[in-house]
Structures are given as C-alpha cells and as structure tokens.
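Working notes, beginning with the structure itself.
The values are calculated or read from the model by the stated rules, or taken from the named source; none is laboratory data. This one's a predicted model, so the numbers in the text were calculated from it and none came from an experiment. Note: ideal-geometry Cβ built from the backbone for every residue, glycine included; neighbour counts use all protein chains shown.
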Amino acid sequence: MPFRLSETPSQPGSFSHEEFVRLLRALSLPFAACLLFFLITPAGVQPMRRSTAEVRQQVLGVVESQFTAFRDGDYARAYSFAAPGIQQQFDVAAFERMVKDGYPIIAYWRAVSFGEVQDNGREAVVLVSVRGRGGRTRFFRYLLVREANQWRIGGVVEVNVPPAVQGQMV
C-alpha cells in the first residue's frame with residue numbers, strides 16, 4: 001500500500017503509528033541500498049585512465065603470452081596467466097575445455113591486435129581484436145587484476161565495437 005498521510009491528523013504534521021511504520025518501511029529499502037553501496041565499495045577506488053607505457057607493456061605482455069600459449073596448445077602455460085579467481089573455478093583441463101568450447105576463435109586464433117589499455121593501478125582493461133581461422137574478426141574486452149605485482153587475466157567478455165574504434169586497433 002502506498003504511503004499517505006492521514007486525512008485527519010491529530011496534530012498538524014503528526015503521523016499515526018501505522019503511518020509512521022509505513023513511512024519507515026518505504027524509506028528503509030533505499031537507505032539500505034545506499035548503505036550497502038558505501039559499505040562494499042572500497043575506499044579510494046580510482047577511475048580507469050589511459051595506462052602509462054610501462055603498464056601498457058606489462059598488460060599486453062600477459063595477454064600476448066596467453067595467446068602464444070593457446071597457439072602452441074600449451075594450456076597449462078595459458079592457465080598460469082589467469083587470475084586466482086579463474087584458477088579457483090577451473091583446473092587446467094576444465095580451463096582448456098572452457099576456452100575451446102566457449103571461445104574457439106581465441107583457442108584457434110590467426111591474428112590479434114590491441115586497443116588502448118586503461119587501468120587504475122589495481123585493475124586494467126584492454127580491447128582485443130581476434131581474427132580466427134575462417135577470417136572472421138571478433139572483439140573481446142580483457143579484464144586484468146594486479147596480483148602480487150603481476151597482472152593476471154581475470155575475465156574476457158565479447159563486445160560489439162563500432163567501426164571507428166575498430167580502425168584504432170594496433
């Protein structure tokens with residue numbers, strides 16, 4: 001039932017007990033959502049920005065190394081570039097199946113190029129263009145996390161990329 005003030009309050013601006021309870025219920029969900037946001041959002045999280053040349057080289061080195069391992073069929077080495085969160089979800093054999101079944105264009109790639117790398121010191125993203133055996137090109141956003149002074153791949157998401165952005169890939 002929507003909250004409404006009593007038509008005939010006992011005093012101007014006062015609420016009945018029932019109205020007060022309804023008001024508290026109506027306000028509790030938005031308040032709880034805001035409180036939860038502030039409690040689970042880490043303090044000092046920085047926005048993503050264009051990476052320095054050093055960070056770009058580190059991030060692309062990890063992604064390129066994983067692609068090389070895929071090309072060589074060395075899934076144990078490819079797995080070593082995955083973040084601990086991925087490694088907790090999959091063993092090497094399951095990781096190999098996941099890549100070959102879910103991302104065959106990555107498993108059997110022919111050409112790879114990279115877009116801008118952005119990071120905030122703890123996380124990084126890079127757009128990756130992958131051309132497969134059949135000549136088809138698809139785009140993926142690689143998400144990396146910094147673990148013990150090393151970048152690790154935390155996730156890969158296929159994305160649609162506008163033609164203007166496609167032309168900026170290197």
Quick one: which residue in 92, 55 is at pLDDT 95 or above and within 17 Å of residue 146 (Cα to Cα)? 55
Kindly evaluate residue 165 against the criterion of being under 17 Å from the mean Cα position of the chain (by Cα), at pLDDT below 95, surrounded by 14 or more Cβ atoms within 10 Å (Cβ to Cβ) and over 21 Å from residue 76 (Cα atoms). no
Based on this model, can you work out whether residue 116 counts as surrounded by fewer than 16 Cβ atoms within 10 Å (Cβ to Cβ), acidic (Asp, Glu) and at pLDDT below 95? yes
Just wondering, is there one or more residues in the stretch 86-103 that are closer than 23 Å to residue 162 by Cβ, out of contact with any Asp or Glu (no Cβ under 6 Å at 6 or more places or on another chain) and either in the same structural domain as residue 57 (by TED's automatic domain parsing) or exposed (fewer than 14 other Cβ atoms within 10 Å of the Cβ) (or both)? yes
